[in-house]
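So the structure is just underneath, and the comments pick up after that.
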Amino acid sequence: MKKNVAQEEAFDTSEKLKRFFKRWTGPALVAIVLLGLWETLSRYYDAYLILPPPSSVAEYLWYAIADGTLPGAVLVTLKRLFVGYLIGIALGIPLGMLCAKLKVFRDTLGLLAMGLQALPSVCWVPLAMLWFGQTEKAMLFVVVMGTVWSLIIATQHGVNSIPPIYVRAAETMGSKGMHTWIHVILPAAFPNILGGMKQGWAFAWRSLMAAEIYVVILTGFGLGQLLHYGRELMEMSQVIGVMCVVIAIGLLADKLLFSPWENFLRKKWGITND
């Protein structure tokens, strides 16, 4: 019996490894080919000042990590991002529910959210500097403004999209008031809210990068400042290296924060069998 269980576990592990290699072999080969072409062309045309080779970028990343410059900048940026993003969520979801529930909020705040969401994120940077100066509050304001409007719109749309029978069935079973909102409406609207959270994250990330590039704050140098100094010093290896880190953080955020929730919702609603 134990032998059969061990064989089944070994078979499952083997299948998982096969699926893993099958999924990532193609992208890995494409990445290797592209990096090889990039290295060859950069060295052949001697384009170090325009597009340095991957080896030069990797060398910068190695030394920036070794001396603590890059890890420190990542921590500063992520701290600003997470604090502002959480504030945006805490404001956006309740306000979106109010817009869905009350016409006065829908005709005022809801309309304002629609207009301000279309405003490019970088437009908040000059306003933040005028209001708060070159402080952490300015960074926080920019991130919150990049997050909150998407959450308001997504929450309002999610609540309005709930079939009325859900609420009527809950009321029939004795649910009312905040209990209905927390245990019925919010879970039913969560797929739309999750989409707004994902979009708000992207907007907040772009807003913060723009703010850090244009605003120098002595209390902490983030990834945006490293990009800015790389441009000022004509260090293209630094510029491209920091860009690669920004891309990597964005991909990790999607895989670690949002993909698990999306997979959970797909399984819950029977969309996938994986």
Original post:
Take the residues of the stretch 232-241 that are within 22 Å of L78 (Cβ to Cβ) and in contact (Cβ under 8 Å) with a residue 40 or more places away in the chain: which is surrounded by the fewest Cβ atoms within 10 Å (Cβ to Cβ)?
Top reply: I240
Original post:
Identify, please: which residue in the stretch 97-119 is within 24 Å of the chain's Cα centre (by Cα) and not in a helix (DSSP H, G or I) and is, among those, nearest to H183 (Cα to Cα)?
Top reply: A118
**OP:** Could you please give the count of residues in the stretch 177-186 that are at negative phi and exposed (fewer than 11 other Cβ atoms within 10 Å of the Cβ)?
**Re:** 1
Original post:
Looking only at the stretch 120-136, which residues are surrounded by 13 or more Cβ atoms within 10 Å (Cβ to Cβ) and under 22 Å from the mean Cα position of the chain (by Cα)?
Top reply: S121, V122, C123, W124, V125, A128, E136
Original post:
Can you name the number of the only condition in (1) at pLDDT 80 or above; (2) in a helix (DSSP H, G or I); (3) of a type outside the set (F, W, Y) that I162 fails?
Top reply: (2)
Subject >> Single unsatisfied condition, Y229 versus (1) closer than 21 Å to V122 by Cα; (2) touching a residue at least 12 places away in the same chain (Cβ under 8 Å); (3) surrounded by 15 or more Cβ atoms within 10 Å (Cβ to Cβ) >> reply: (2)
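Quick grid of which residues meet (1) loosely packed, with under 10 Cβ neighbours inside 10 Å; (2) touching a Pro at 6+ places or on another chain (Cβ under 8 Å); (3) modelled with pLDDT of 70 or more:
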position	(1), (2), (3)
K2	yes, no, no
V5	yes, no, no
E15	no, no, no
A31	no, no, yes
R43	no, yes, yes
P53	no, no, yes
V57	no, no, yes
Y63	no, no, yes
A66	no, no, yes
Subject >> Residue satisfying all of: in the stretch 212-223; more than 16 Å from the chain's Cα centre (by Cα) and buried (at least 21 other Cβ atoms within 10 Å of the Cβ); modelled with the lowest pLDDT among these >> reply: V215
**OP:** Collect the residues in the stretch 68-97 that are small (G, A, S), farther than 23 Å from A154 by Cα and surrounded by fewer than 16 Cβ atoms within 10 Å (Cβ to Cβ), keeping them in residue-number order.
**Re:** G68, G72
Original post:
Can you name every residue in the stretch 128-144 that is without any contact (Cβ under 8 Å) to a residue 12 or more places away in the chain and in a helix (DSSP H, G or I)?
Top reply: L130, W131, F132, K137
Original post:
So which pairs qualify, if the first residue must be in the stretch 154-173 and under 13 Å from G92 (Cβ atoms) and acidic (D, E), the second must be part of a helix (DSSP H, G or I) and modelled with pLDDT under 85, the Cβ gap must be under 7 Å, and the two must be at least 6 apart or on different chains?
Top reply: none
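The values are calculated or read from the model by the stated rules, or taken from the named source; none is laboratory data. Treat the numbers as computed from the prediction; the structure is a model and nothing was measured. Don't worry about glycine lacking a Cβ; one is built from the backbone with ideal geometry, like all the others, and counts go over all protein chains shown.
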